[in-house]
Amino acid sequence: GENVEQHPSTLSVQEGDSAVIKCTYSDSASNYFPWYKQELGKGPQLIIDIRSNVGEKKDQRIAVTLNKTAKHFSLHITETQPEDSAVYFCAARGYSGAGSYQLTFGKGTKLSVIP
Amino acid sequence: KAGVTQTPRYLIKTRGQQVTLSCSPISGHRSVSWYQQTPGQGLQFLFEYFSETQRNKGNFPGRFSGRQFSNSRSEMNVSTLELGDSALYLCASKDISSYEQYFGPGTRLTVT
């Protein structure tokens, strides 16, 4: 099955700086890569996603890049703000057999933005 | 549209008991997936239901089961609870024509 590795596990940045979180995946057939933000006491919130036929996608201060050859994708947050502090998860949609697909998640990155 | 709702939000159970958790998906979403989230293992896939049928299942023992009703609401059941079942149980729904999956707030289960 799919295996997703996420780094770093913790990340501290000064307010206004950029933050980058990286993930690798094992299944070359995986075709969809979402990123989720989880705040304390809440469920994961979908913040951006990318499909395998696209190399980069941006949404205001957030961008995701995908390198299919190397099987890795990254989340970039620019001009970080204290409200960006949360745990971020990457995921990959891979084939799980019998015509089914499922999301496999990385272990998460705890991002702290220091005012 | 209202988001995914889960009830109850918190539960405390004793080892050996069973528990039922409920999930109401976003209106119009017919696919519901369940995940277990723990500090050590992260987010792990339990199962997915679509049109009242289990489409996919993760690597969890048979004590974990689920079902989906005709209105797409879903329940999951854990029987013979163990201490290791303490976790946040998350439900996610999606439109079958899309890849985007949206999570509810979760049910925090504590087994003592």
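The values are calculated or read from the model by the stated rules, or taken from the named source; none is laboratory data. Please read all numbers here as calculations on a predicted model, not as lab measurements. FYI the Cβ positions are ideal-geometry reconstructions off the backbone, even for glycines, and counts take in every protein chain you see.
Name the pairs: first residue in the stretch B:80-105 and more than 10 Å from chain A (Cβ to nearest Cβ) and within 13 Å of residue B:37 (Cα to Cα), second residue among the aromatic types (Phe, Trp, Tyr) and in a strand (DSSP E or B), Cβ to Cβ under 9 Å, at least 6 apart or on different chains?
Note: pairs meeting the criteria are B:85/B:64; B:89/B:34; B:89/B:35.
Look through A:66, A:40 and report the one residue that is modelled with pLDDT under 95 and more than 10 Å from chain B (Cβ to nearest Cβ).
A:40
Test of understanding: among A:52, A:100, A:96, A:112, which residue is within 15 Å of residue A:29 (Cβ to Cβ), small (Gly, Ala, Ser) and in contact (Cβ under 8 Å) with a residue 40 or more places away in the chain?
The conditions single out A:96.
Does the stretch B:30-43 hold any residues that are facing chain A (nearest Cβ under 9 Å) and closer than 15 Å to residue B:104 by Cα, and which are they?
B:33, B:35, B:37, B:43
Could you please let me know if residue A:114 is in contact with a strand residue (DSSP E or B) (Cβ under 9 Å, 6 or more places away or on another chain), of a type in the set (Val, Ile, Thr), more than 24 Å from residue B:3 (Cβ to Cβ) and surrounded by fewer than 18 Cβ atoms within 10 Å (Cβ to Cβ)?
Here the answer is yes, as residue A:114 does meet what is asked.
Could you go through the stretch A:82-94 and let me know if any residue there is modelled with pLDDT of 95 or more and polar (S, T, N, Q).
Yes: the stretch A:82-94 contains one or more residues that are modelled with pLDDT of 95 or more and polar (S, T, N, Q).
From the list A:27, A:49, A:59, exactly one residue is surrounded by fewer than 18 Cβ atoms within 10 Å (Cβ to Cβ), more than 19 Å from residue B:105 (Cα to Cα), of a type in the set (Asp, Glu) and within 14 Å of chain B (Cβ to nearest Cβ). Which is it?
Result of the check over A:27, A:49, A:59: A:59.
Within the stretch A:18-46, can you find the residues that are free of Cβ contacts under 8 Å to residues at least 24 places away in the same chain and under 12 Å from the mean Cα position of the chain (by Cα)?
Those that are free of Cβ contacts under 8 Å to residues at least 24 places away in the same chain and under 12 Å from the mean Cα position of the chain (by Cα): A:45, A:46.
Just one of the numbered conditions (1) within 11 Å of chain B (Cβ to nearest Cβ); (2) crowded, with 20+ Cβ neighbours inside 10 Å; (3) assigned to a loop (DSSP other than H, G, I, E, B) is not true of residue A:1; which one?
Residue A:1 satisfies every listed condition except (2).
Exactly one condition in (1) within 14 Å of chain B (Cβ to nearest Cβ); (2) crowded, with 20+ Cβ neighbours inside 10 Å; (3) modelled with pLDDT of 95 or more is false for residue A:77; which is it?
(1)
Return the residues of the stretch B:91-112 that are aliphatic (A, V, I, L, M) and in contact with a Cys (Cβ under 9 Å, 6 or more places away or on another chain); say none if nothing qualifies.
Listed by number, the list holds a single entry, B:92.
Output the number of residues of the stretch B:12-29 satisfying the condition of being surrounded by fewer than 17 Cβ atoms within 10 Å (Cβ to Cβ) and either free of Cβ contacts under 8 Å to residues at least 24 places away in the same chain or under 16 Å from the mean Cα position of the chain (by Cα) (or both).
Qualifying residue count for the region: 3.
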